[in-house]
Amino acid sequence: MTDQKTAEPQAAAEELSGRIFTAGVAAAELYGVYLGLSLGLYRALADTPDITAADLADSTGLDRRYTREWLQGQAVSGFVRASGPDMATATFDLPEGGREVLVDEVSPYYLAALSRLPAALGRALPQLVSAFRTGAGVPLPEYGPDAVAGQAALNRPAYHNELADWIATMPDVAARLTDTARPARIADLGCGTGWAAIALATHFPVTVDGFDVDSATVGEARLNVASHGLTDRITIAVQDLTEPPPAAGYDLVMFLECLHDMAFPDRALRTARSMLADGGSVFVMEEAAEDALTAPNDDPVQRFLANVGPLWCIPQGRTAPDADPVGPVIRAARLTDLATAAGFRRTEILPVENPVFRFYRLHP
């Protein structure tokens, strides 16, 4: 007969093993999403609903057996809807909300690109294992093209749909950005592939200079800017923000979900301050990390931030000697301390309701 002392550890072990198995199922499902995204299967299902497995394979130029097996997994997980139990005769389409989540890249619900992150991590895992032993960083290129593509695609809907509303919480800044007689100048530091700059230039009569340290990312940003016909108002350049500032006189300088990744966030903030025009401000979008460690934590956002740090943000930020990136668990007090050390007299948390991000205005 099992006594109480034995039963309690067994129950705890069963619960923990169940959690890990559930995580394994989620991982397999996310890789299935990656295939659906990369191979154009979701888009084909959205464009041609009620299609058989064979016709879907033929229309996308894919192998019929692999396509059928992918559809079976997607249907079992509820990411694709099947008309019946026979895979040979059933037709398939996206479920309610499927287009918004899996296909529409500017939908506020779009999340298919999240699948690119584990794909990138899989490529970088051997380097991460080594980095844990040596303390070295793992440069962004080691994660492969899915790293840049995934990050950019995940943030793009928020910039497209919400960035102007975030700016509106700073009424004087919003007024400055709408001045057509004297167009405002904006610097987007750590601009990535340019989606924030494009959103700003679309919403406001401004000019935007984007700066990023990664040359491949800058190249992608320039293509995006050109495809939106905004090369007359947006410029993108390679720039190390620990070096002397590229220019000055900006009415607004932004760090959008990137300061925590930087090797020297204190230096980057000092650079930003030196780039401001009189009356200018720095706008920071960062992760909404809780004010103190809660462990264990049932909040999936906090679990994501804590776990992605040693896999993604910290290794990419430690590629320079003596680098000290903050990582995604960037608490409000830490950001305030960094801003104060960089010479800002006040750090203001803006009134934006968002489950993932927190927004700051830094006053010089």
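Computed values, structure above
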| read-out | value |
| --- | --- |
| Within-14-Å neighbourhood charge of residue 336 [Cβ basis; K, R +1; D, E -1] | +1 |
| Net charge over other residues, Cβ less than 12 angstrom from the Cβ of residue 302 (K, R count +1; D, E count -1) | -3 |
| Length added when fully stretched, residue 106-residue 349, from 0.36 nm per residue minus Cα-Cα | 84.8 nm |
| Long-range tail of P(r) for the chain (Cα pairs > 37 Å, %) | 29 percent |
| Cα pair distances exceeding 21 angstrom across region 4-103, given as percent | 40 percent |
| Local electrostatic count at residue 283 - Lys and Arg +1, Asp and Glu -1, tallied over other residues with Cβ under 15 Å | -3 |
| Net lengthening on full extension, residue 320/residue 178 (0.36 nm per residue, minus Cα-Cα) | 47.2 nm |
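Each reported figure results from applying straightforward, stated rules to the coordinates on display, with no laboratory input. This one's a predicted model, so the numbers in the text were calculated from it and none came from an experiment. As a convention, Cβ positions derive from the backbone with ideal geometry for all residues, glycine included, and neighbour counts pool all protein chains shown.
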